[in-house]
Amino acid sequence: MLRYYTRVCNFYYGNLSKNLVKKKKSLPLNGNDKISFDQLEIISRKSRKKISINKLNTLPKLLKKKIIHDIKKITSKKKNFSNLDFSKSPNIMGVLNLTPDSFSDGGKFNSNDKAIKQAKLMYESGANIIDVGGESTRPGSKGVNEKVEWNRINKLLKSICPKITVSLDTRKSKIMKKGIKLGIRIINDVSGLNYDVETKNILKEYKIPFVIQHTKGTPENMQNNPNYKNVLLDIYDFFEKKIKFLRSIGIKHNNIIIDPGIGFGKKLKHNMNLITNITIFHSLGFPILVGNSRKKFIKELSGKNDTKNRTGGTVASSIFLMMQGVQVLRVHEVDEILQGVKVFKKLIEN
């Protein structure tokens, strides 16, 4: 039987959006009437077709039922958790790597004083949460043992938790457990909970919110010619199966964020497909996180205009993702991103 997927499109913003929602000419995205839509794209592995929301009655009965079910998840207001407010877009997750070899900020914040200063700076600048990592997972990187990873991050966690809301970027269950006991608020596992079989038991025991990220392969090999049948639908199916598995083992809460994993086992064409069609993931019913900051796709798109920090490309892609209703952006330069977002919102919402 052919499987269908629902992607929202044709958005409205600000006061125009509120007026259209009030007149029932568009539907609010994630319960936020400042961003709404009036079209859907119905996608299968054989075809794609756009349809207006007021034309749903023209669909076959079973397909209409499926689309209406998806719309309920797309329009539903998401419950806030861990200092993240899903009634707005975007929330900012500030990146803080305490490693010598992360692809962008490796070695910059390895002393505890520098790390504390950077965490406070990002938080005071408006980051909702700080994502602390002690193991590089950039393409080609090799893993470190849990003792090394914990020694890199434990002083910082003791210094800033719970005064600052912290997400812990780790693949290891023992690091997760130690971090939870120090007051971290979210687990961010780039392996999609696949690296350590004990991870699921930690998440179940402590009922802590977590991010499920899609990664194809491991950091060591993930960029060695990654291939997909259909990157958009393959990754959608990955999330759906993962959520179903988590439910089956007793994790019933909805404090879950999904991250398609830009740059993690993806070529440029895969990254572009995911970013430009990111709204398909709203029909899963969970907040979406995207790590677009300083990524290689910016270099590939900008060519000779590539820069060290890729701030321009990060701001541009952040605004694009915000306009698609993505709720969380994982970025390095908090001030610059929020500056761009605030100015853009003022221009478009009036």
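Read the figures in this text as sums done on the coordinates, not as results from a lab. Computed from a predicted model, the values in this text were never measured in an experiment. We place every Cβ from the backbone using ideal geometry, glycine too, and count neighbours over all the protein chains shown.
With semi-axes defined as the square roots of five times the eigenvalues of the C-alpha gyration tensor, the equivalent ellipsoid of the range 214-350 measures 26, 21, 12 Å, largest first. Dividing the helix sum by the residues of the chain, where each DSSP H run of 4 or more adds -39500 (n - 2.57), gives a mean residue ellipticity at 222 nm of -12000 deg cm²/dmol.
Value of Rg to Rh for the chain, rounded to two decimals, is 0.96; Kirkwood radius and Rg both from alpha-carbon coordinates.
If the chain linking Phe245 and Asn221 were pulled fully straight, counting 0.36 nm for each residue of separation and taking away their Cα-Cα distance, it would gain 6.1 nm. If you wrap the tightest convex hull around every Cα atom of the range 5-75 and split its volume per residue, you get 76 Å³. Of the residues Leu29, Ile67, Asn19, the one whose Cα sits farthest toward the positive end of the charge dipole of the range 5-75, with +1 on the Cβ of Lys and Arg and -1 on the Cβ of Asp and Glu, is Ile67. Spin-label model, Arg45 to Lys73: label points 7 Å out along the Cα-to-beta-carbon direction sit 1.8 nm apart.
Taking Cα atoms of the range 114-251, Rg/Rh with Kirkwood Rh, to two decimals? Could the numbers behind the result be given before it?
On the way: Rg = 15.8 Å, Rh = 16.1 Å.
A ratio of 0.98.
Once Rg and the Kirkwood radius are both taken over the C-alpha atoms of the range 140-197, their ratio Rg/Rh works out to 0.96. What you get for the range 296-348, charging only the Cβ of Lys and Arg (+1) and of Asp and Glu (-1), is a dipole of about 40 debye around the Cα centre.
Legend: calculated FRET efficiency, Lys155 to Lys252, from the Cβ-Cβ distance at R0 = 45 Å, rounded to 0.05, equals 0.80.
Within straight-line reach of Lys181, meaning a Cα separation under 20 Å, sit the following aspartates and glutamates at least 8 residues removed in sequence or on another chain: Asp131, Glu135, Glu146, Glu149, Asp169, Asp189, Asp196, Glu198, Glu205. Each peptide among 283-291, 38-46 gets the average number of other Cβ atoms lying within 10 Å of its residues, and from highest to lowest they stand as 283-291, 38-46.
How about the range 1-30: which trypsin sites (Lys or Arg not before Pro) there are in a DSSP loop, with at most 14 other Cβ atoms within 10 Å of their Cβ?
Numbers: sites: Arg3, Arg7, Lys18, Lys22, Lys23, Lys24, Lys25; in loops: Arg3, Lys23, Lys24, Lys25.
Here the trypsin sites (Lys or Arg not before Pro) that fit, given the DSSP loop and packing criteria, are Arg3, Lys23, Lys24, Lys25.
Distance from the alpha carbon centroid of the range 33-64 to that of the range 173-222 works out to 35 angstrom. A straight chain from Lys229 to Thr58 at 0.36 nm per residue would run longer than the Cα-Cα distance by 58.5 nm. Looking at the chain, the DSSP beta bridges with both ends there are about 40 percent antiparallel.
Towards the positive end of the charge dipole of the chain, with charges on Cβ (+1 Lys, Arg; -1 Asp, Glu), say which of Gly217, Ser191, Ile348 has the farthest Cα. Farthest towards the positive pole: Ile348. Here's the picture: a label point sits 7 Å out from the Cα of Asp113 along the beta-carbon direction, and within the range 137-179 the residues with their amide nitrogen under 20 Å of it are 152-161. For Lys244, the lysines whose Cα falls under 20 Å of its own Cα, not counting residues fewer than eight places away in the same chain, are Lys66, Lys72, Lys73, Lys78, Lys79, Lys200, Lys204, Lys207, Lys216, Lys252. Listed by chain and number, the lysines whose C-alpha is less than 16 Å from the C-alpha of Lys77, apart from same-chain residues fewer than 8 away, are Lys18, Lys34, Lys88. Under a model in which nothing but the beta-carbon of Lys, Arg (+1) and Asp, Glu (-1) is charged, the chain shows a dipole of about 1280 debye around its Cα centre. Restricting the calculation to Cα atoms, the range 163-237 yields a radius of gyration followed by a Dmax of 14.1, 45 Å. Under the combined filter of DSSP loop state and at most 14 neighbouring Cβ atoms within 10 Å, the range 149-242 retains these trypsin sites (Lys or Arg not before Pro): Lys163, Lys207, Lys229.
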